[in-house]
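Heads up: the structure comes next, in structure tokens.
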Amino acid sequence: MSDGQQDKRRLIVGPFNRVEGDLEVRLEVSGGTVSAAYVNSPLFRGFERILEGREPLDALVVAPRICGICSVSQSHAAALALAGAAGVAAPRNGILAANLMAATENIADHLTHFHLFFMPDFARAGYASRPWFARTEARFKAAQGRAVRGAMAARAELFHVLGILGGKWPHTLTIQPGGVTRAVDARDRVRLLATVGAFRRFLEDSLFGAPLDHVGRLETPEDLARWRESGPEGDFRLFLEIAEDLDLAHLGRAYGRFLSYGAYPQAEGGHLYRRGTVVDGQDAPLDTDAIVEHHRFSRMAGQDRPHPPFAGSTVPDGSDEDGYSWCKAPRLGGLPYETGAIARQLVDGQPLVRALVAEDGGSVRSRVVARLLELARTTRAMEGWLRAIDPSGPWYARADLPEKAMAAGLTEAARGALGHWIRIEGGRIAGYQIIAPTTWNFSPRDIDGVPGPLEQALVGAPVLDGERTPLSVQHIVRSFDPCMVCTVH
């Protein structure tokens, strides 16, 4: 047997634990590395079909049920789509309150991802010989680590923000097309500032070991290297040590194309994190009219053409022989794009993330660093939004929905760009399409056979002899923070 024929095999990796929803990855392995990957979202749900024919406002109730951990993001996207259809703009307080609820969910997700989904993989027995293993096991071993317990307590306290502003989590109905239905008085604001301040102290004491302002001043790879070598003790530094030892900076690179719809709209215009794209390090505008979905390797009807969201369909094809996923393949200008915290920080021009991606692309290390930097930046922004609230001002503007309209609601969930496209005819929902962040990142091949971002990122991942669930593959998959229940509708 020639060397080129040796070690050619296929692996089915999945179902993955510590992932929201179901995920399976088929790998082709050659010469000890992944040569091709096929990502399967094996659960069809049909939410887009459920919404057809309903009253438009039903989207505020139905769409958030897509997910129990991203429900505020789904609610926000639905409300923005309905606001566009009604031609209504929320008042300043309504914008600030919606931002606070969305940010609470997003930073809680970042915290959960790092502590419960990502870091426990480094406490596995396969890394027992590494110099950082004992500390990692003590901090992050599943269900036992000290850092895990502390993070979950901090998360529970943070969700008091959603209790005050939204009444409950998940599936709050407070966010509406014209703003929010829950006003905040001066006493509420004091309580909210105390809650966010306590969360900030947890981040400074445990995760970073330093004030968030210091984290925000990280601008170059050299700054990051100094933090790794002699920075404050904290789990961020521990991650940097692990990333250096395992060379996570050169693992999991996809295409170098990133998109963000813009996160946290500002009353004066624009967003806290800008809207746009970055392609091979260069800024470019975002033309959402160039977004389509391909069904060629999805188990959906209409595989012969791309589908713009306003003309999209979600019709299962029971006779399909070629599709290997229920996930569609979103494309912008015909190309796959990565989304997430790394995309938001790149588009916004965060200097450290730009420098890391310029050196190593969208790697495992750069995705996690971007997520943690965003956690610090957004927590600081929340304190500013709370101080900007005017308890005596308006919170809601009446929204009257027309008999006929088309509109898109574009927001940023923790995992990236989330869009809802609604078409209203005769006062009812005639069409509703949702493209979630993990739909972008975990898409199958498109009509031209081009792999999705994760499929591309897995190519080149090392697979050790005897591995059935390769650790490198798990690190790459988790670096995207997948939410599979949001992926297919």
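Give me the pairs, please: first residue somewhere in the stretch 174-192 and of a type in the set (Lys, Arg), second residue anywhere and assigned to a loop (DSSP other than H, G, I, E, B), beta-carbon distance under 9 Å, and either six or more positions apart or on two chains.
ARG182/GLY167; ARG182/THR172; ARG182/THR174; ARG182/TRP395; ARG189/ILE389; ARG189/PRO391
Out of (1) surrounded by 19 or more Cβ atoms within 10 Å (Cβ to Cβ); (2) in contact with a Leu (Cβ under 6 Å, 6 or more places away or on another chain); (3) farther than 26 Å from LEU165 by Cβ, the odd one out for ILE242 is which?
It is condition (2) that ILE242 fails.
For the list (1) out of contact with any helix residue (DSSP H, G or I) (no Cβ under 9 Å at 6 or more places or on another chain); (2) at pLDDT 95 or above, I need the number of the one condition that GLU137 fails.
Condition not satisfied by GLU137: (1).
Any residue at all in the stretch 302-319 that's hydrophobic (A, V, I, L, M, F, W, C), modelled with pLDDT of 95 or more and buried (at least 20 other Cβ atoms within 10 Å of the Cβ)?
No, the stretch 302-319 contains no residue that is hydrophobic (A, V, I, L, M, F, W, C), modelled with pLDDT of 95 or more and buried (at least 20 other Cβ atoms within 10 Å of the Cβ).
In the set ARG65, ARG49, which member is more than 21 Å from the chain's Cα centre (by Cα), of a type in the set (D, E, K, R), over 19 Å from PHE442 (Cα atoms) and not in a loop (DSSP other than H, G, I, E, B)?
After ruling out the rest, the residue left standing is ARG49.
A quick yes/no check of all residues on (1) over 29 Å from SER75 (Cα atoms); (2) surrounded by 18 or more Cβ atoms within 10 Å (Cβ to Cβ); (3) among the aromatic types (Phe, Trp, Tyr); (4) touching a strand residue (DSSP E or B) at 6+ places or on another chain (Cβ under 8 Å):
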{"residue": "SER129", "(1), (2), (3), (4)": "yes, no, no, no"}
{"residue": "ALA138", "(1), (2), (3), (4)": "yes, no, no, no"}
{"residue": "ALA153", "(1), (2), (3), (4)": "no, no, no, no"}
{"residue": "TRP169", "(1), (2), (3), (4)": "no, yes, yes, no"}
{"residue": "THR172", "(1), (2), (3), (4)": "no, yes, no, no"}
{"residue": "GLN176", "(1), (2), (3), (4)": "no, yes, no, yes"}
{"residue": "VAL180", "(1), (2), (3), (4)": "no, yes, no, yes"}
{"residue": "ASP185", "(1), (2), (3), (4)": "no, no, no, no"}
{"residue": "ALA194", "(1), (2), (3), (4)": "no, no, no, no"}
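Could you list, in sequence order, all residues of the stretch 1-43 that are assigned to a loop (DSSP other than H, G, I, E, B) and either within 18 Å of GLY452 (Cβ to Cβ) or modelled with pLDDT of 95 or more (or both)?
Matches in the stretch 1-43: GLY14, PHE16, VAL19, GLY21, ASP22, LEU23, SER41, PRO42, LEU43.
Restricting attention to the stretch 439-454, which residues are more than 16 Å from the chain's Cα centre (by Cα) and crowded, with 24+ Cβ neighbours inside 10 Å?
Answer for the stretch 439-454, where residues must be more than 16 Å from the chain's Cα centre (by Cα) and crowded, with 24+ Cβ neighbours inside 10 Å: PRO444, ASP446.
Working carefully through the options ARG130, ARG189, find the one that is under 22 Å from LEU372 (Cβ atoms), over 22 Å from the mean Cα position of the chain (by Cα) and at pLDDT 95 or above.
None of the others qualify; the one that does is ARG130.
The values are calculated or read from the model by the stated rules, or taken from the named source; none is laboratory data. Since we're looking at a predicted model, the values are computed, not measured. Positions of Cβ are generated from backbone atoms using ideal geometry, with glycine treated the same way; all protein chains shown enter the neighbour counts.
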